[in-house]
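Student: Quick one: structure below, then a few questions.
Just so you know, all these numbers are worked out from the coordinates, no wet-lab data involved. Keep in mind the model is a prediction, meaning the values are calculated, not measured. Because the Cβ atoms are built from the backbone with ideal geometry, glycine has one as well, and the counts that use them run over all protein chains shown.
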Amino acid sequence: MMNLDNEQKPFRWGIMGCGRIAVKFFTALSHTGEGLVVAAASKSMHRANRLQRKTGIETIYSSYEAMLDSDELDAVYIANTHNAHADSALLCLERGIPVLIEKPITQNAKQTERIIAAARANNTFAMEAMWTRFNPAVIKLQDVLAAGTIGEVRSLEAEFCVRMNPLNPKMRPWNRMCSPRLAGGALLDLGVYPIVFARMVFGQAPASISSSADMAWTGVDKSSQYTFEYSNGARAQMQTSFVKERPRIMVITGTTGSIHMTGFHGSDRFIIRRDGRPEEVVQCDPSGFEHEIREVHRCLKAGLTESPSMPLAETLETMQTLDAIRAQWGMKYPGE
């Protein structure tokens, strides 16, 4: 477990998994001015070497355990494939090392429960890297909703659809988008974004779920749609895909107005529309991984074992919702 002096030293981070998102995290951490990546580990030394060339990370390992046992780390960012998140997080938590786990936190709720139990048993911080929740525009959006600016929220509509090039390496049957073994599919990779937004906006799990999916030949969803009904009569309608392009728009409708956010998962602005009033554009600071990283640092300095803004109970609830959706399609990952 880390031991931080009153005069804060830079947070020393390790990274598990050396793909493209690790580079994005490295850059964002540098921008915060609060920490540095001192080590990275991958089961592929080709990937580890490539990350080192791109970033200049001092030490790389071919074993997660070797990194955790050799370097004095204040936290670890888990950036490998969905199917590996749980085991990787447990390696850290059992050593008392805080973790920031890339979304989705695991491939199913049972694995999330194991992470939560380990974090609490070892009194160690854990958080899902749901970076969008910490973006300034999303923080401001929550304030606007709480103030009743558009009245009582009655519906949410959100789309996150991306037409990926079929020749993109990520689309190969054995890679992360399409492989059941790696817990692939549009739901866990893209659909988690609007579903997390719905949980944030309505503050509760849906009372009922109806969904459908267009399945790839590999056995994962390439496009999927979800409708959530809530106990107060409100509704959320969402769709996601990695084979068709649609505007990434979210619309929240209340009894006295609506909020529109384009590119909602990473937007720095939104529009408020109310009857009889001029349209209001709310501009915020840029989005990015920096905000979630600062939240981890804030929590660690305060001695917290989870973030009040992204509590583990809410993360678990979202995973249970994802499980319920997959169950409607009969879609299981290996070992489930």
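Student: Pick from 174, 217, 131: which is most flexible by mean-square fluctuation in a GNM of the chain where alpha carbon atoms under 10 Å apart are linked?
Tutor: Highest fluctuation among the options: 217.
Student: Stretch residue 214-residue 249 to full length: gain in nm at 0.36 nm per residue minus the Cα-Cα span?
Tutor: On the way: separation 35, 0.36 × 35 = 12.60 nm, distance 2.10 nm.
In short, 10.5 nm is gained.
Student: Hey, how many Å between the Cα centroid of region 246-262 and the Cα centroid of region 271-298?
Tutor: Taking the Cα centre of region 271-298 as reference, the centre of region 246-262 is 14 Å away.
Student: Something else about it: Express in nm, to one decimal, how much length is gained between residue 87 and residue 275 on full extension, taking 0.36 nm for each residue of separation and deducting their alpha carbon distance. Please report the intermediate quantities before stating the final value.
Tutor: On the way: separation 188, 0.36 × 188 = 67.68 nm, distance 5.14 nm.
Full-extension gain reported as 62.5 nm.
Student: Here's something else I'd like to know. Taking square-rooted eigenvalues a ≥ b ≥ c of the alpha carbon gyration tensor, is region 11-131 rounded, prolate or oblate, where a/c under 1.5 means rounded and, failing that, a/b exceeding b/c means prolate?
Tutor: prolate
Student: Treating only the Cβ atoms of Lys and Arg (+1) and Asp and Glu (-1) as charged, compute the dipole magnitude of region 11-131 about its Cα centre; round to the nearest 20 debye.
Tutor: 500
Student: Same structure again: Below 8 Å between Cα atoms, with a sequence gap of 6+, how large is the relative contact order for the chain in percent?
Tutor: Computed over the chain, the figure is 18 percent.
Student: While we're here: Let me check against my output: what whole-number percent is the relative contact order of region 161-241, with C-alpha pairs under 8 Å and at least 6 apart?
Tutor: Details: 129 pairs, mean separation 23.6, N = 81.
That works out to 29 percent.
Student: Moving on. Given the -39500 (n - 2.57) contribution per DSSP H run of 4+ residues, what per-residue ellipticity at 222 nm results for the chain, rounded to the nearest 500 deg cm²/dmol?
Tutor: Rounded to the nearest 500, it is -9500 deg cm²/dmol.
Student: Another question, then. What FRET efficiency would be calculated for the residue pair residue 305, residue 49, taking the C-beta separation as r and a Förster radius of 22 Å, to the nearest 0.05?
Tutor: Computed FRET efficiency for residue 305 and residue 49: 0.05.
Student: Distance cut-off 21 Å, Cα to Cα: go down the list 24/103; 43/332; 24/54; 24/222 and report the pairs above it.
Tutor: Result: 43/332; 24/222 exceed 21 Å.
Student: Considering all alpha-carbon pairs of region 136-287, what whole percent are spaced by more than 24 angstrom?
Tutor: The calculated P(r) of region 136-287 puts 38 percent of pairs beyond 24 Å.
Student: What's the magnitude of the charge dipole for the chain around its Cα centre, counting Lys and Arg as +1 and Asp and Glu as -1 at the beta-carbon? Answer in Debye, nearest 20.
Tutor: In debye, rounded to 20, the chain gives about 1020.
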